[in-house]
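Chemist: This is the structure, below, for whatever I ask next.
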Amino acid sequence: STGRRLMRPWGMKQGLVAILCMCSLLMPLGYMWAHPTLLPLVPLLGDPMSKNQSMANSSNSTPLEGVLIRCHAPTRQALLRISRWIASVNQHPTMAGNFWFSVDLSSEDLSGTQTDRGSVDLIRRTLLERGLQAGEDFGIHTYTTSEMVARYPVLEEIQQLPRWLALHRNRSLAWGFHSEAINLWFRRHGVGLAKVWVLEDDVGWSGDDIASGLFRPLAGETADLISTDKIQLTDAAGGKNTKWSWYRMHSKKFGEWARVRVFSRENVQRMSGRLLDRMHNLSRGGITSWSEMMPATVCETEPGFRMQSLHPKVMGYKSRFNTRVTQLEWGDIVKRTKSRFFKNKLYHALKW
């Protein structure tokens, strides 16, 4: 009967096949048991990487990218916009776990208050409303002017420049020297990252997925700096060729080192890890300048470094340093993102 046929013992051929299959499964496990260093490679035997572990220290052969939001006093609305970026970035294996906020707490140095600490609390609370946990879905790095000076003593020279004393005596150094502020984060949390996108918190992106719309399409671009508005600040003879206000806001050694000076915007930019390393070493050696001039000038002066401009197609009709996008305008832009004129564009500045 059919029941008897189903209960019939396997023949020799079927038994041999079963034994071979079992051996093929057990032999790799036996080999790994004899070689404990290989055990973490077996998903069933090792714990998965926890969400709050940065992938920057991973041995993944694909170059890893990070995202850093520069901020001082972010608004709730800005954080709600950025929450969508976090979700987008964490969907991509080469970026997941590498989304950070860099928060300037220099009021503790300049006025003896802790008012800036409220920004950290606001970031945590607002993003938790969106189901995003600090330490798991994103990180927060804080710093002060005193920490910047301790790591980069050349900034003491900057603080004594007549223009700084006249206009910025009570300001944080991070107001104009972002390269050092970014490197404080990079030395501590960015080791292993090949590229870092740095955005100001008042930037807007008119798309659902900033990683797929902006970051990933440029993953293959090898330029050390991706930015906008590249402007030559010196003429062919090395003389000043601009009325830009911060041309002389630099250290003495910078003036001797920079054969040319180049400007670029910094509300949205991508830097390579090696560019950050080079700026770190230059600053430690006494060479620094206003941060709209420093990265582009390194790319123009140092052999082997290169800058690439962001394509105009990703720039919204209001995206310059001096443009402003009101809350009403932004609502209209978001409603019209089915149009190619509005979808997947960068906007600046959303000061609300």
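Chemist: Quick one: of LYS243/LYS345; LYS240/LYS351; LYS230/LYS253; LYS243/LYS318, which pairs are farther than 28 Å apart, Cα to Cα?
Modeler: Numbers: LYS243/LYS345 30 Å; LYS240/LYS351 33 Å; LYS230/LYS253 23 Å; LYS243/LYS318 23 Å.
Cα-Cα > 28 Å for LYS243/LYS345; LYS240/LYS351; rest within.
Chemist: Now a separate question. Given the alpha-carbon gyration tensor of segment 136-287, what are the semi-axes of its equivalent ellipsoid in whole angstrom, ordered largest first, with each equal to the square root of 5 times an eigenvalue? If you can, show how the numbers build up before the last one.
Modeler: Numbers: eigenvalues 147, 82, 49 Å².
Semi-axes (√(5λ), whole Å): 27, 20, 16.
Chemist: Now for a different question. Percentage of Cα-Cα pair distances in segment 81-205 greater than 19 Å, rounded to whole percent? Write out the running numbers ahead of the final one.
Modeler: Details: 4199 of 7750 pairs.
Roughly 54 percent, once rounded to a whole number.
Chemist: Taking the Cβ-Cβ separation of ALA134 and GLN308 as r and a Förster radius of 41 Å, what is the calculated FRET efficiency to the nearest 0.05?
Modeler: Details: r = 33 Å, r/R0 = 0.81.
Calculated value: 0.80.
Chemist: What list of ³J(HN,Hα) couplings, whole Hz, do you get for segment 308-313 from phi and the Karplus terms 6.51, -1.76, 1.60, once you set θ to phi - 60° and write x for glycine and proline?
Modeler: 10, 7, 4, 5, x, 5
Chemist: Over segment 76-207, with every protein chain in place, what whole percent of the accessible area is carbon and sulfur at 1.4 Å, could you tell me?
Modeler: 47 percent
Chemist: In whole percent, how big is the carbon plus sulfur part of the accessible area of segment 295-350, probe 1.4 Å, protein atoms only?
Modeler: Numbers: 1790 of 3340 Å².
Carbon and sulfur atoms account for 54 percent of the accessible area of segment 295-350.
Chemist: Per the Kirkwood definition applied to all pairs of different Cα atoms, how many angstroms is the hydrodynamic radius of segment 307-352?
Modeler: Here the Kirkwood hydrodynamic radius works out to 11.1 Å.
Chemist: If eta is 0.890 mPa s and T is 25 °C, what Stokes-Einstein diffusion coefficient results for segment 258-352, Kirkwood Rh from Cα pairs, in µm²/s? Before the final figure, lay out the partial values.
Modeler: Numbers: Rh = 15.4 Å.
The diffusion coefficient I find is 159 µm²/s.
Chemist: Here's another thing I want to ask about it. Leaving out ligands and nucleic acids, and using a 1.4 Å probe, what accessible area per residue does segment 193-271 come to in Å²?
Modeler: Heavy-atom accessible area per residue stands at 39 Å².
Chemist: Can you work out ³J(HN,Hα) from phi for every residue in segment 152-160, in order, using Karplus 6.51 cos²θ - 1.76 cosθ + 1.60 and θ = phi - 60°, giving whole Hz and x for Gly and Pro?
Modeler: Listing the rounded values in order: 10, x, 4, 5, 5, 5, 4, 5, 9 Hz.
Chemist: How big is Rg to Rh over segment 178-235, alpha-carbon atoms, Rh as the Kirkwood inverse-mean-distance radius?
Modeler: On the way: Rg = 14.0 Å, Rh = 14.0 Å.
Looking at segment 178-235, the ratio lands at 1.00.
Chemist: State the volume of the convex hull built on the alpha-carbon positions of segment 113-152, expressed per residue in Å³ and rounded to an integer. Display every interim value, and only then the final one.
Modeler: Numbers: hull volume 2.7 nm³, N = 40.
Dividing the Cα hull volume of segment 113-152 by its residues yields 66 Å³.
Chemist: Determine how large the accessible area of ASP208 is when every protein chain is in place; take a 1.4 Å probe and give Å² rounded to the nearest 10.
Modeler: Solvent-accessible area, nearest 10 Å²: 120 Å².
The values are calculated or read from the model by the stated rules, or taken from the named source; none is laboratory data. Computed from a predicted model, the values in this text were never measured in an experiment. Here Cβ is always computed from backbone atoms with ideal geometry, including for glycine, and neighbour counts include all displayed protein chains. Ligands, DNA and RNA are stripped out before the accessible areas are found, and what is left, the full protein with its side chains, is counted by its heavy atoms. Shrake-Rupley method; radii C 1.70, N 1.55, O 1.52, S 1.80 Å.
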